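The values are calculated or read from the model by the stated rules, or taken from the named source; none is laboratory data. As the structure is a prediction and not an experimental result, all values here were calculated from the model. Methodologically, a virtual Cβ is constructed for each residue, glycine included, from the backbone with ideal geometry; neighbour enumeration extends over all protein chains shown.
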Amino acid sequence: MKLALGPILYYWPRAAVLEFYREIAASALDIVYLGEVVCSRRHELGLDDWLAIAGELTAAGKEVVLSAQILTESEGDLKLMRRVAGNGRFRVEANDWGAVRLLAGREGWVAGPHVNVYNPQALAMLAALGASRWVAPIEATRELVAEMSAARPAGTQVEVFAHGRLPLALSARCFTARRFDRQKEDCGYVCLEFPDGLALDTQEGDAFLVLNGVQTLSGAVHSLASELAVLQESRVDIVRISPQAQRTLDVIGTWRAAIDGELPPNEAHALLASFSRGALANGFWRGRAGREIA
Amino acid sequence: MRGPRARALIQIKEPARGAFLQSPVELVCPAGGLPALKAAVDGGADWVYAGLRDDTNARNFPGLNFDDTALAQGLDYAHRRGRKVVLAINTYPQRANWIRWTAAVDRAVRLGADAIIVADAGLMRYAHLAHPKLELHLSVQGSATSYEAINFFHEQFGVKRAVLPRVLSLAQLELVTRHTPVEMEVFGFGGLCVMVEGRCALSGYACGISPNMAGACSPAHAVRWRETDGGLESRLGGILIDRYAPGERAAYPTVCKGRYAVHSATYHAFEEPASLNALELIPEFGRIGIRAIKIEGRQRSPAYVGQVTRVWREAIDAWKAGEFTPRAQWMAALNRHAEGSQHTLGAFSRPWK
């Protein structure tokens, strides 16, 4: 089973991003997804910067995938998506049907977690258009992943979002700017001040959600380390970790040890809990409310 | 050529099935049952959209929707009056229940539905191959926000119409419309999703039931209301969504309409509870080349459907006659149905831009 790192969902300063990937290059990861997927206004790094990081990670032996933006609205969004899709060197992850159209007919692209693929018929269609990897939707249950894996077209890999705050929803509206009474187009890039997003608690103090600009993440940290045996039985090829501001390398190391059989899953789970700023959850995987732990 | 004049020319070539079908902007109204369908037709809807009584549609609520008999009656009622009915089969099937979705498509064809609304690409492929003549509309749950996405569904499956998520501005709608042969349908009135439809798991995260996985957002069985010393509380799946002071008007607890604490302030973190009313934008929709305006609310009463349909019919007809101004009595009638008594132009105007 391979270990992947998803794209950074938050807005981090340029220096922090460069430093982060210098460390990632030396980590126990197999695959790294790169790019700004949340907000087209974020500009600490441009596509050329991402391509430079991609080159360095490739030289360090990582497989690199460029992730396309999740919500595309403007012609500018589409121009960037065309550049990503046509980069000619790195594999690309589609995160909406527009990207699927641009990638159709090319070989070896990834149908990302934000392309809604819930059944073998949809997956077979994408495979016929050149997709070679399916990332399960974040709400997928273990039953759904198992049956999709069993029915997958030949040569298709299955990947599961296995650790991190869940990207639950996306809007055209920026909720971080809203908190500070700023207009979206005059936001002052206030999300730079919140490298793990902006905590949203219920009125009785439950850590419910996290605001990340136009994206809303789970307050709990989704983690399937204790489900490793089920993931392996279902022939899941790749598990994805989502970057967080602190201790991502510890999370990666823990997962690597668990996958390699050097750490029992329950111990891995306990370690991951200590590295996380939110409670761990696996509700979606178990067919329950996503915030729950079974 | 774009805009109402071009649309009108195209319409003349089609067989006349009723005066309203000459409209360059069609009115698409909801029906959660036969009485609402009749109210929509009587009120002047060009299309009525409906769902079957199961999780194949995104308003899978108890007591709502159509069995075969009611649907056949509804289709007959609409067709006799020259109107069309589109069946929403717009949730995401999985392997274990796939057959229920394909059976729904087959039922739509057998009963004579004029089109189906589909979100899932696998199901759309099935419908396109099994019933090549069946008119396909891309559901708002399909989350297509760009012309690249919409053209994908057109090229692969011959999709004729797409319903756009309620997050695009007028300028973005115009951009999409200019670059696709697919007819554009937009929401004009009713409940408002703050999040991109088909890409929101907030309800599932709170209570385990979500639109994509179960065909429902914030189902009534997961909602609890409780009077406490601190006021009236609303909960979804046990999560405190909001707390109301005495006399304060309470809203149905969807996650995106709640009040929460963020960075030491407690407020509507996503949006104030409000409904969409884009009636004043009818001329803009026409200018851009929007083909159809959709009224939300299959879960609403026949009275709601009838009243809202009548107002929008009058407004569209007034615009067609070249004498459109938003009339006070229209707005007053529509305001009676607003969530939290507030109406907004939503993303069309983007006051938060």
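Below are the figures for this structure:
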quantity: Hits in the stretch A:166-184 (condition: more than 8 Å from every other protein chain (Cβ to nearest Cβ) and either surrounded by 24 or more Cβ atoms within 10 Å (Cβ to Cβ) or touching a residue at least 60 places away in the same chain (Cβ under 8 Å) (or both)); calculated: A:167, A:176
quantity: Residue list for the stretch B:160-202, restricted to those being within 11 Å of chain A (Cβ to nearest Cβ), β-branched (Val, Ile, Thr) and assigned to a loop (DSSP other than H, G, I, E, B); calculated: B:167, B:194
quantity: Count - residues of the stretch B:120-142 that are part of a loop (DSSP other than H, G, I, E, B) and either closer than 17 Å to residue A:103 by Cβ or at the interface with chain A (Cβ under 7 Å from one of its Cβ atoms) (or both); calculated: 1
quantity: Evaluation of residue A:219 against (1) at the interface with another protein chain (Cβ under 8 Å from one of its Cβ atoms); (2) closer than 17 Å to residue B:255 by Cβ (one fails), failing number; calculated: (1)
quantity: Identity of the residue in the stretch B:99-129, charged (D, E, K, R) and free of Cβ contacts under 8 Å to residues at least 60 places away in the same chain, that ends up surrounded by the most Cβ atoms within 10 Å (Cβ to Cβ); calculated: B:120
quantity: From the options B:78, B:88, B:72, residue that is under 17 Å from residue B:190 (Cβ atoms) and either away from chain A (no Cβ under 14 Å) or buried (at least 24 other Cβ atoms within 10 Å of the Cβ) (or both); calculated: B:88
quantity: Check on residue A:178, assigned to a loop (DSSP other than H, G, I, E, B) and farther than 15 Å from residue A:6 by Cα; calculated: no
quantity: Enumeration of residues in the stretch A:145-156 that are within 11 Å of chain B (Cβ to nearest Cβ) and either among the hydrophobic types (A, V, I, L, M, F, W, C) or free of Cβ contacts under 8 Å to residues at least 12 places away in the same chain (or both); calculated: A:145, A:146, A:148, A:150, A:151
quantity: Qualifying residue in the stretch B:86-107 (condition: within 19 Å of the chain's Cα centre (by Cα) and either part of a helix (DSSP H, G or I) or more than 25 Å from residue A:118 (Cβ to Cβ) (or both)); calculated: no
quantity: Criterion (at the interface with another protein chain (Cβ under 8 Å from one of its Cβ atoms) and either modelled with pLDDT of 95 or more or in a strand (DSSP E or B) (or both)) met by exactly one of A:203, A:232; calculated: A:203
quantity: Selected residue (criterion: farthest from the other protein chains (Cβ to nearest Cβ)) from residues of the stretch B:259-272 that are over 16 Å from residue A:168 (Cα atoms) and aromatic (Phe, Trp, Tyr); calculated: B:267
quantity: Output for the stretch A:146-162, where each listed residue is touching a Phe, Trp or Tyr at 6+ places or on another chain (Cβ under 8 Å) and not in a loop (DSSP other than H, G, I, E, B); calculated: A:148, A:157, A:158, A:159, A:162
quantity: Any helices (runs of 4 or more DSSP H) falling wholly within the stretch B:1-82 and containing at least 2 residues that are at pLDDT 90 or above and of a type in the set (D, E, K, R); calculated: B:34-43, B:68-80
quantity: Count of residues meeting criterion [in contact (Cβ under 8 Å) with a residue 12 or more places away in the chain and loosely packed, with under 15 Cβ neighbours inside 10 Å] in the stretch B:246-275; calculated: 4
quantity: Sole residue being at negative phi, touching a helix residue (DSSP H, G or I) at 6+ places or on another chain (Cβ under 9 Å) and not in a helix (DSSP H, G or I), chosen from A:3, A:18; calculated: A:3
quantity: Strands (runs of 3 or more DSSP E) lying entirely in the stretch A:58-144 (those with 3 or more residues that are modelled with pLDDT under 95, more than 19 Å from residue A:240 (Cβ to Cβ) and within 11 Å of another protein chain (Cβ to nearest Cβ)); calculated: none
quantity: Identity of the residue in the stretch A:56-84, touching a residue at least 40 places away in the same chain (Cβ under 8 Å) and either within 14 Å of the chain's Cα centre (by Cα) or under 21 Å from residue B:197 (Cα atoms) (or both), that ends up surrounded by the most Cβ atoms within 10 Å (Cβ to Cβ); calculated: A:68
quantity: Test set (1) surrounded by fewer than 22 Cβ atoms within 10 Å (Cβ to Cβ); (2) free of Cβ contacts under 8 Å to residues at least 12 places away in the same chain; (3) of a type outside the set (A, V, I, L, M); (4) out of contact with any strand residue (DSSP E or B) (no Cβ under 7 Å at 6 or more places or on another chain) - residue A:203 fails condition number; calculated: (4)
quantity: Test: residue B:349 is within 13 Å of another protein chain (Cβ to nearest Cβ), surrounded by fewer than 23 Cβ atoms within 10 Å (Cβ to Cβ) and farther than 30 Å from residue B:224 by Cβ; calculated: yes
quantity: Subset tally (residues that are closer than 24 Å to residue A:214 by Cα and not in a loop (DSSP other than H, G, I, E, B)) for the stretch A:22-47; calculated: 4
quantity: Residue within the stretch A:239-256 that is closer than 26 Å to residue A:111 by Cα, of a type in the set (S, T, N, Q), part of a strand (DSSP E or B) and touching a residue at least 12 places away in the same chain (Cβ under 8 Å) present; calculated: no
quantity: Residue identified as modelled with pLDDT of 95 or more and either closer than 28 Å to residue A:203 by Cβ or among the polar types (S, T, N, Q) (or both) among B:203, B:169; calculated: B:203
quantity: Number of positions in the stretch B:297-306 that are of a type in the set (D, E, K, R) and surrounded by 22 or more Cβ atoms within 10 Å (Cβ to Cβ); calculated: 1
quantity: Test set (1) within 19 Å of the chain's Cα centre (by Cα); (2) more than 14 Å from every other protein chain (Cβ to nearest Cβ) - residue B:256 fails condition number; calculated: (2)
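To keep it simple, each residue is scored yes or no on (1) within 16 Å of residue A:167 (Cα to Cα); (2) of a type outside the set (Val, Ile, Thr); (3) at pLDDT 95 or above.
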position	(1), (2), (3)
A:258	no, yes, yes
A:271	no, yes, yes
A:274	no, yes, yes
A:278	yes, yes, no
A:290	yes, yes, yes
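Conditions (1) touching a Lys or Arg at 6+ places or on another chain (Cβ under 6 Å); (2) within 27 Å of residue B:177 (Cβ to Cβ); (3) modelled with pLDDT of 95 or more, marked per residue:
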| position | (1), (2), (3) |
| --- | --- |
| B:249 | no, no, no |
| B:262 | yes, no, yes |
| B:268 | yes, no, yes |
| B:273 | yes, no, no |
| B:306 | no, no, yes |
| B:333 | no, no, no |
| B:341 | no, no, no |
